[in-house]
Each structure stands twice: as structure tokens, then as C-alpha cells.
Amino acid sequence: MVLNNIEKLLEKYDNGETSLKEEQQLKSYFSQDTVAPHLERYKPLFGYFLVNQQEQFTKDVPLTTKNVFNYKWIAVAAVAVLMLGLYFNNTVIPQDELGTYSINEKELALKEIKQSLQLVSNVFNKGTKQVAYLGHLEKANTSFEYLGDMNKPLNRIFKK
């Protein structure tokens, strides 16, 4: 009766349908010294799981981040400067009789340029905040690389 139950649980285990309680029953059965001869092949697998529960990951995880310079923003800034240059080059600023600009007009043009550049700066800052989450994704990716180290013992067991 117990053997039939274990065989049914193994079939469910192979299909990925067992609960944690059922897997614990399988682990306790295969931790015994006497196992049915036709089920001996499962003993190393469940024995590994029992040993693996006591293992702890002791490798230090470095917490340094890499500063990656994004060259796309240089292109965006260059286009913005080009557009501002074209805009202010085509605007008509009245000239006096001698063909020179008055001081008030120069100050007004400088003030408009500062306002435009401030607007562009605000837009870039907003875009930078929206892209900041990509740094968190890179941190998550490096933490997943360490999970590969944990997979190495499994590879050694299944190669045998």
C-alpha cells in the first residue's frame, strides 16, 4: 500500500503536480535505508534535496554600480541646440539706423534664450527621471548572475 502511494506521488512529481506536503513525504521515504529496488534511481535526487536544504550561500555580493554613459542623450541635446540656433537665427530683431542692435534688444534676446534653455533642461530632467529605472534593472541582472553559481552543483549531479 505504501509503495503504491509512493509510485503515485512519483508520477505526480514527474508531472509537476505535487504539493509541498507530498514532496516532503517523498523526501522522507527516500531518506530511509531501504527503498524499493526499482525506485533506487530517485534516491540520489531526493537525497540531494535533503543535503541542499542545509547549504547556505556565503559568497559576498558586491554592491558597486556601474555608471554607463548614454550617448543617445548627446544626440538629443545636439538636435535641441541646432533647433534653437535655427529658431533664433530666423527671428527678426529690429535694427536701428546704423545696423546695430540696441542694448535692450540684446538683453531681451538673452532672456529669451535663457528661458528656452531652461525649458529644454526641464524636459531633459523629466526624461532622465523616467529612464532611471533602467539602473535598477541592471542591478537585478547582476544578482541573477549569482544564481548561476547555485546551479553548478545540480549540473554535477545530473551529469552522473
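Would you please name the residue that is farthest from V35 (Cα to Cα), looking only at residues in region 47-93 that are among the charged types (D, E, K, R) and not in a helix (DSSP H, G or I)? Spell out the reasoning first.
Taking region 47-93 as the starting set, the residues that turn out to be among the charged types (D, E, K, R) are 55, 59-60, 66, 72.
Now restrict to residues that are not in a helix (DSSP H, G or I): 55, 59-60, 66.
Values: E55: 25, K59: 36, D60: 40, K66: 53 Å.
Checking each candidate, the answer is K66.
Annotation: E22 fulfils all but one of (1) of a type in the set (D, E, K, R); (2) outside any loop (DSSP other than H, G, I, E, B); (3) at pLDDT below 85; the unmet one is (3). Exactly one residue out of L63, L39 is out of contact with any His (no Cβ under 9 Å at 6 or more places or on another chain) and surrounded by 10 or more Cβ atoms within 10 Å (Cβ to Cβ), and it is L39.
Look at region 33-55: where a residue is touching a residue at least 12 places away in the same chain (Cβ under 8 Å) and a partner is surrounded by 12 or more Cβ atoms within 10 Å (Cβ to Cβ) and of a type in the set (D, E), sitting 6+ places away or on another chain with Cβ atoms under 8 Å, you get L39/E7.
The residues in region 41-53 that are of a type outside the set (A, V, I, L, M) and within 12 Å of Y29 (Cβ to Cβ) can be counted, and the count is 4. Within region 1-26, residues that are acidic (D, E) reach partners that are assigned to a helix (DSSP H, G or I) and surrounded by 10 or more Cβ atoms within 10 Å (Cβ to Cβ) with beta carbons closer than 8 Å, at six or more positions or on different chains, in the pairs E7/L39; E22/L9; E22/K12; E22/Y13; E23/Y13.
Determine, yes or no, whether A132 is of a type in the set (G, A, S) and modelled with pLDDT of 70 or more.
no
Looking at V61, V35, V92, V51, just one residue is more than 30 Å from F124 (Cα to Cα), modelled with pLDDT under 75 and out of contact with any strand residue (DSSP E or B) (no Cβ under 6 Å at 6 or more places or on another chain), and that residue is V51.
The values are calculated or read from the model by the stated rules, or taken from the named source; none is laboratory data. Only a predicted model underlies this, so the values are computations on that prediction, with no experimental measurement involved. Neighbour counts are summed over all protein chains in view; Cβ atoms, including those assigned to glycine, are modelled from backbone coordinates with ideal geometry.
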